[in-house]
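Working notes, structure below.
The values are calculated or read from the model by the stated rules, or taken from the named source; none is laboratory data. What you are looking at is a predicted structure, and each value in this text was computed from that prediction instead of being measured. Here the Cβ positions follow ideal geometry from the backbone for every residue, glycine too, while neighbour counts run over all protein chains shown.
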Amino acid sequence: MINNQKGITDEQVEAAAKAVGVHHFIKTFPNGYDRGLDDSLTLAVGQKQLLTIARALLKDAPLLSLDEATASVDTRTEELIQKAMDKLMGGRTSFDIAHRHSTIKNADLILVMKDGNIIEQGNHDGLMAQNGYYADLYNSQFEEN
């Protein structure tokens with residue numbers, strides 16, 4: 001069963017799934033939302049991450065800690081996950097450890113670390129304007145080889 005949390009309605013589960021873009025995917029399961037999640041169901045990494053984000057959205061925790069939320073996914077799935085993350089992080093404090101800059105681009109405050117030290121801080125636009133280490137890293141991810 002997708003919804004195994006007490007006090008959460010089926011409507012809330014469906015709304016969370018729609019918010020993160022997995023409603024259609026869940027509807028393709030045998031028995032849809034009533035399908036249990038176990039080892040017999042093969043899911044791609046991105047699908048697992050989106051389901052986890054939907055569950056976190058339902059949890060409504062005031063603080064989130066995320067570590068490489070888009071690791072091991074393709075560009076299209078990364079975009080879906082990023083949209084879901086934007087909804088999940090709204091109104092919450094979140095700590096996001098990331099190497100892909102697209103996942104932190106909308107953050108209010110980015111702390112740039114090198115060799116274990118914070119060397120720059122600011123939002124994406126401010127750090128890009130500084131044209132420092134963050135900007136170099138960001139631009140290197142989008143340079144053509």
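One table, with the values for the structure above:
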{"read-out": "Matching residues in region 29-65 - criterion: being in contact (Cβ under 8 Å) with a residue 12 or more places away in the chain and exposed (fewer than 11 other Cβ atoms within 10 Å of the Cβ)", "value": "P62, L63, S65"}
{"read-out": "Qualifying residue in region 58-72 (condition: of a type outside the set (S, T, Y), modelled with pLDDT of 80 or more and assigned to a helix (DSSP H, G or I))", "value": "yes"}
{"read-out": "Sole residue being more than 17 Å from D67 (Cβ to Cβ), at pLDDT below 90 and assigned to a helix (DSSP H, G or I), chosen from L137, L127", "value": "L137"}
{"read-out": "So Q49, is it within 25 Å of G7 (Cβ to Cβ) and in a helix (DSSP H, G or I)", "value": "yes"}
{"read-out": "Residue check for I26: crowded, with 17+ Cβ neighbours inside 10 Å and out of contact with any Ser or Thr (no Cβ under 6 Å at 6 or more places or on another chain)", "value": "yes"}
{"read-out": "Tabulated pairs, region 127-140, first more than 11 Å from I104 (Cβ to Cβ), second of a type in the set (S, T, Y) and outside any loop (DSSP other than H, G, I, E, B), C-beta under 9 angstrom, 6+ apart or interchain", "value": "M128/Y134; M128/Y138"}
{"read-out": "Pairs where the first residue, in region 3-22, is closer than 11 Å to R55 by Cα and the second is modelled with pLDDT of 85 or more and surrounded by fewer than 14 Cβ atoms within 10 Å (Cβ to Cβ), C-beta under 7 Å, 6+ apart", "value": "N3/D10"}
